[in-house]
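So the structure is just underneath, and the comments pick up after that.
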Amino acid sequence: MRIKRLFILFLAPLLFCLAACRSAAPAAPAETQTHETQATETQTQATAEQTLPDGPAGKEEEMIYAQIGESTLRIRSADNSSAEAFLALLREGDLTVSMRDYGGFEKVGALETPLPTNDARITAAPGDVILYNGDRITIYYGKNTWSLTRLGRVEGVTPEALRTALGDGDPTVVFSLREAAE
């Protein structure tokens, strides 16, 4: 009798609810979900790439330079408040960041000052300069999909040359608005 009451009071409504939920929203086939996910990621990546402007009309664009040993990377800034805050920080002076490998696809280092975030689910690719958690800057030499804020993109360098410039160890990167003297 006790088991029957438990079933009627607790299990029967739960089973009814599960059955109702399942029939109300049938799952799409796994193949459809995969294509939808890929389409969303492709669309997100395309949207993120559109945030890299050729420069506002009538305004000369500021380039960011990253000095790593003997190599200098040219970075075109993204068009968002995070990139603008990073540029404002660099207008006050050069920024030296000790970076280290993380995850086998990026170099990451702490910023002294947190920046505003504009996180969106993107697939970062080699050359992307990303703000992570508002207080970390990363330079990607591989790919990763996550909710990130793009600060800019390295221009005119192959993934192999980028990886060589970043090196295997823990580089010190000097971000500046001025290109280092030869």
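Restricting attention to the stretch 150-182, which residues are among the charged types (D, E, K, R), within 21 Å of T123 (Cβ to Cβ) and out of contact with any Leu (no Cβ under 7 Å at 6 or more places or on another chain)?
Within the stretch 150-182, R150, E155, E160, R163 meet the criteria.
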Exercise. Those residues that are in contact with an Asp or Glu (Cβ under 7 Å, 6 or more places away or on another chain) and loosely packed, with under 14 Cβ neighbours inside 10 Å, I need them from the stretch 64-109; list them, please.
Key: S98, R100
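For the stretch 76-91, give me each residue that is assigned to a helix (DSSP H, G or I) and among the basic types (K, R).
Step one: of the stretch 76-91, the residues assigned to a helix (DSSP H, G or I) are 81-91.
If the condition is that a residue be assigned to a helix (DSSP H, G or I) and among the basic types (K, R), then R91 is the only one that fits.
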Practice problem: Go through R121, R136, R153 for me and flag whichever is modelled with pLDDT of 95 or more and within 15 Å of R76 (Cα to Cα). | Solution: R153
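Quick grid of which residues meet (1) loosely packed, with under 13 Cβ neighbours inside 10 Å; (2) touching a residue at least 40 places away in the same chain (Cβ under 8 Å); (3) not in a strand (DSSP E or B):
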| site | (1), (2), (3) |
| --- | --- |
| E112 | yes, no, yes |
| L115 | no, no, yes |
| P126 | no, no, yes |
| I130 | no, no, no |
| T138 | no, no, no |
| S147 | yes, no, no |
| L151 | no, yes, no |
| V154 | no, yes, no |
| R163 | no, no, yes |
Quiz item: Exactly one of (1) surrounded by fewer than 14 Cβ atoms within 10 Å (Cβ to Cβ); (2) at positive phi is unmet by G134. Its number?
Solution: (1)
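The values are calculated or read from the model by the stated rules, or taken from the named source; none is laboratory data. Since this is a predicted model, take the numbers as computed values, not measurements. Please note: Cβ atoms are built from the backbone with ideal geometry, for glycine as well, and neighbour counts cover all protein chains shown.
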